[in-house]
Amino acid sequence: MKIIKTANKITLELLNKKKIGFIPTMGCLHDGHVSLIRKSKKKKLLTIVSIFVNPFQFNNKKDYKKYPKTILTDLKICKKNKVDYVYLPQEKDIYPEKKIIIKNKIHYFRKFMEGKFRPGHFEGVIEVVKRLLSRIKTNYLFLGKKDYQQLIIIKKYLESIDSKIKVIPCDTIRAKNGVALSSRNKLLDQKSLNVAGEIINFLKQNKNQIIKSKNNSFFLSKIKEFGAKKIDYLSAFNLKQLKKTNKPSLNTRVFIAYHLNGIRLIDNF
């Protein structure tokens, strides 16, 4: 496994390389990330993992500062899973300009959910993806479904620029109690993780009623009873039409964002 810290070196290393699989991450790796790595390795791809906490996708500076960082453990995980390259840039390598101006046209699906509650989030996501892909000329981009809205918006962006990169959506990996694995989970104590499990299992058991409901007040109050202090959204979307829906179908997913002990968690099912 090679660790590379600059744009020039990663570009040179990958020059003329074919069949590349790329997994962009913000570090604090867990089994969800490992599943993406394994998918790339299973396809017999030259596998690259980037670790970079992108400041421009955080609309809250406190959230950015407390984002968990476990770089030594991350590198051990990458090595154990036979990653070929780890791209470990500094902020100045990704954003060398003195003044950063971000103006990206983002698909209208950004207006909902995360885009509504985190202004500028998806603009920052697309900016860092654009810059990473200018350095790493990949064939395949592996993205997890836990961030399903982000996955769709990145895919739509690549389509808008006629990119030949194939996006590989990867299933959400969950803990035994049903909670989606997330780097932010490390900021929660066991009691809070248990509460998160109760919330997600309650929602799964009632998913059809949630989808059909035109007023989610009952479900929102139940989630608060479990221990969530604040709920940003609980919404059902048809992912084929990318519109809100009240009709259960194979294309319908329920999305939630809620706060537990000061930590914001998202999930979908």
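Here is how the numbers come out for the structure above:
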read-out: Hey, ALA175 crowded, with 16+ Cβ neighbours inside 10 Å, free of Cβ contacts under 8 Å to residues at least 40 places away in the same chain, within 21 Å of the chain's Cα centre (by Cα) and more than 25 Å from ASN251 (Cβ to Cβ) or not; value: yes
read-out: Any chance ILE210 is more than 21 Å from the chain's Cα centre (by Cα) and either hydrophobic (A, V, I, L, M, F, W, C) or part of a loop (DSSP other than H, G, I, E, B) (or both); value: yes
read-out: Residue count, segment 225-253 (criterion: within 13 Å of PHE112 (Cβ to Cβ), open to solvent by less than 30 Å² (accessible area, probe 1.4 Å) and either assigned to a strand (DSSP E or B) or small (Gly, Ala, Ser) (or both)); value: 7
read-out: Filtered residues of segment 103-126 (kept if assigned to a helix (DSSP H, G or I) and open to solvent by less than 30 Å² (accessible area, probe 1.4 Å)); value: PHE109, GLU114, GLY115, HIS121, PHE122, GLY124, VAL125, ILE126
read-out: Of residues in segment 202-223 being of a type in the set (S, T, N, Q) and open to solvent by 60 Å² or more (accessible area, probe 1.4 Å), the one nearest to THR172 (Cα to Cα); value: GLN205
read-out: Residue list for segment 230-239, filter: free of Cβ contacts under 8 Å to residues at least 60 places away in the same chain and within 20 Å of the chain's Cα centre (by Cα); value: ILE231, LEU234, ALA236, ASN238
read-out: Candidate set from segment 13-33 (those that are surrounded by fewer than 18 Cβ atoms within 10 Å (Cβ to Cβ) and part of a helix (DSSP H, G or I)); member that is nearest to the chain's Cα centre (by Cα); value: ASP31
read-out: Residue among ILE48, ILE10, ILE37 that is open to solvent by less than 10 Å² (accessible area, probe 1.4 Å), of a type in the set (A, V, I, L, M), part of a helix (DSSP H, G or I) and out of contact with any helix residue (DSSP H, G or I) (no Cβ under 7 Å at 6 or more places or on another chain); value: ILE37
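Conditions tested, residue by residue: (1) modelled with pLDDT of 95 or more; (2) in contact with a Leu (Cβ under 9 Å, 6 or more places away or on another chain); (3) of a type in the set (Asp, Glu); (4) open to solvent by less than 60 Å² (accessible area, probe 1.4 Å).
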position: TYR64; (1), (2), (3), (4): no, no, no, no
position: LEU75; (1), (2), (3), (4): yes, yes, no, yes
position: PRO89; (1), (2), (3), (4): yes, yes, no, yes
position: LYS98; (1), (2), (3), (4): no, no, no, no
position: VAL128; (1), (2), (3), (4): yes, no, no, yes
position: ARG131; (1), (2), (3), (4): yes, no, no, yes
position: LYS145; (1), (2), (3), (4): yes, yes, no, yes
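The values are calculated or read from the model by the stated rules, or taken from the named source; none is laboratory data. All values derive from a computational prediction rather than experimental measurement. Backbone-built Cβ (ideal geometry, glycine too); neighbour counts: all protein chains shown. To get the accessible areas, we keep the full protein, side chains included, count just its heavy atoms, and leave off ligands, DNA and RNA. Shrake-Rupley method; radii C 1.70, N 1.55, O 1.52, S 1.80 Å.
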